[in-house]
Amino acid sequence: MGFFDDICNRHWCEELECSCGINVVLFTADGFAFFGLLDRVEDGIVILLPAAGENEVFILTPGGDIVTEELSYIDVCTIVALSKNVVENPFEEDDCERGGK
């Protein structure tokens, strides 16, 4: 058995299915965090679409970089935490940090 087989919690499928249609942040065992709209859970894979008001799924890498994708596929067995009903993009810098107004 591999590392992810040991941490896989099949109860996540039920929890995640109840969260379909809302904005979430998913945290994975490999240090990534994903922000998007949870579309569906299918065969142990979570499909994230862009969150409400966003054009892409945002991903915070373990190195602190932010990358985007049109949609994301995440193995349920890698998910270690879930934040539901996220209103604003938690990975976006505010104007002060960017030197804005």
Ser19 accessible area, nearest 10 Å², 1.4 Å probe?
0 Å²
Segment Cys20-Glu92, length gained on full extension (0.36 nm per residue, minus Cα span)
23.6 nm
Calculated from backbone phi, Karplus (6.51, -1.76, 1.60) coupling profile of region 37-50 in Hz, x at Gly/Pro:
8, 6, 7, 6, 10, 9, 6, x, 10, 8, 10, 9, 10, x
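The values are calculated or read from the model by the stated rules, or taken from the named source; none is laboratory data. In this text the structure is predicted, and so the values were computed from the model without any measurement. Ligands, DNA and RNA are stripped out before the accessible areas are found, and what is left, the full protein with its side chains, is counted by its heavy atoms. Shrake-Rupley method; radii C 1.70, N 1.55, O 1.52, S 1.80 Å.
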